[in-house]
Amino acid sequence: MKRITLETFIALAHLRHFGKVASQLNTTQSTVSARIAGLERDLGAELFARSSNSVALTPKGRELLTHATEVIASMDRMSRAVGVDPYREGTLRLGVSETLASTILPGFIGAFSAQYPNSSVEIIVNNTGFQRDQLVERGLDLALLMGPVSHALIANVPLLELPMIWAVAPDHPLAALSEVTVEALAAHPILSYATNSRPYIELVESLRLAGIRTPRLFSSNALGASVAIARARLAVCTAPRIYADDFIKAGKLAEIQTPIGLSPLFFTASYRTEPGNELAREAAEIAARIAQEWVP
């Protein structure tokens with residue numbers, strides 16, 4: 001019984017869709033079907049109940065899943081015992097927040113490629129909500145995002161805590177003020193992260209506590225777009241200092257001081273703690289090491 005057959009079985013047990021398994025394993029649906037059919041034939045048992053849209057484990061399949069997971073983990077331990085890394089080759093499906101894509105990502109790619117020269121990386125830059133969902137649904141192997149992700153099968157490795165600032169265009173009316181009052185701030189549109197993000201929710205609550213119940217809040221899951229809108233004098237934006245500093249030094253943004261404090265953003269490298277995802281675990285440790293180079 002081949003390792004790839006067991007890995008295909010485990011993937012189908014979790015994803016419950018031949019197409020998704022084929023995509024994850026970089027193969028075809030017919031190959032996935034052939035592996036599962038061969039496994040069922042060898043064992044003399046039906047492992048999946050099939051419907052038009054999905055598959056589900058049978059009682060025999062659920063029993064095999066426990067053993068298959070243990071076998072893969074045991075094979076990994078044997079490989080490492082003799083100094084062989086079973087995940088030296090493979091594809092890492094990586095989700096990255098825009099903030100980290102413009103900071104630690106280049107260093108991470110360099111370090112990862114040096115340690116795993118025969119592995120490739122598929123990079124998806126998107127917001128935290130998307131990454132979290134994809135990670136839980138096994139559409140990603142590793143996510144560098146605003147975390148942690150609260151899930152029984154997700155491990156979180158701390159990366160960075162990034163201070164946030166308020167910023168406007170240098171010729172914005174608020175840029176000339178030494179201290180911007182809450183009322184003056186609320187007189188302008190404010191740009192924050194996506195509406196389902198922690199920074200947005202906390203900002204709404206902070207403004208409410210300050211007496212601003214109906215602020216003009218704009219949300220964006222693209223930090224670059226928020227900064228561009230702020231530079232056009234169309235809004236006040238919130239941004240990580242590490243991201244905004246280059247714009248400030250170039251005279252393209254100006255930091256302003258307000259009574260409304262902004263909590264720092266906490267980022268993690270999050271991955272599924274399942275056999276077969278060891279490459280993601282190793283990559284998370286690499287990301288944590290590279291992130292320390294960005295700590296002031």
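The values are calculated or read from the model by the stated rules, or taken from the named source; none is laboratory data. Worth saying up front: this structure is predicted, and the values here are computed from it rather than measured. Because the Cβ atoms are built from the backbone with ideal geometry, glycine has one as well, and the counts that use them run over all protein chains shown.
Name every residue in the stretch 108-132 that is free of Cβ contacts under 8 Å to residues at least 12 places away in the same chain and in contact with a strand residue (DSSP E or B) (Cβ under 6 Å, 6 or more places away or on another chain), in order of residue number. Correct list: empty.
The set of residues from the stretch 161-199 being of a type in the set (G, A, S), in contact (Cβ under 8 Å) with a residue 24 or more places away in the chain and more than 29 Å from A291 (Cβ to Cβ) comprises A169, A175, S178, A186. Could you grab me the full set of residues in the stretch 26-46 that are touching an Asp or Glu at 6+ places or on another chain (Cβ under 7 Å) and at pLDDT below 90? Passing the criteria: only E40.
Looking across the stretch 97-107, the residues that are crowded, with 24+ Cβ neighbours inside 10 Å and of a type outside the set (S, T, Y) come down to L100, I104. With respect to R231, determine if the residue is among the charged types (D, E, K, R) and either in the same structural domain as G147 (by TED's automatic domain parsing) or over 23 Å from E161 (Cα atoms) (or both). Considered against the rule, which asks whether it is among the charged types (D, E, K, R) and either in the same structural domain as G147 (by TED's automatic domain parsing) or over 23 Å from E161 (Cα atoms) (or both), R231 comes out as yes. Only one of the numbered conditions (1) in contact with a helix residue (DSSP H, G or I) (Cβ under 7 Å, 6 or more places away or on another chain); (2) within 23 Å of R272 (Cβ to Cβ); (3) surrounded by fewer than 18 Cβ atoms within 10 Å (Cβ to Cβ) is not met by S33, and that is (2).
If I ask for residues that are part of a loop (DSSP other than H, G, I, E, B) and more than 26 Å from M146 (Cα to Cα), which ones from the stretch 177-209 would you list? Hits for the stretch 177-209 are L177, S178, E179, V180, T181, A187, H188. Across the stretch 128-142, the qualifying residues are those that are assigned to a loop (DSSP other than H, G, I, E, B) and either closer than 15 Å to R198 by Cα or of a type in the set (D, E) (or both), and the one among them that is modelled with the highest pLDDT is D141. Residues of the stretch 233-272 that are aliphatic (A, V, I, L, M), surrounded by 15 or more Cβ atoms within 10 Å (Cβ to Cβ) and under 12 Å from P170 (Cβ atoms): I248, L253, A254, I256. Here T128 meets each of (1) under 18 Å from I286 (Cβ atoms); (2) of a type in the set (S, T, N, Q); (3) touching a Ser or Thr at 6+ places or on another chain (Cβ under 9 Å) with one exception, condition (1).
For the stretch 159-176, taking the residues that are assigned to a strand (DSSP E or B) and surrounded by 14 or more Cβ atoms within 10 Å (Cβ to Cβ), the one that is farthest from the chain's Cα centre (by Cα) is identified as V168.
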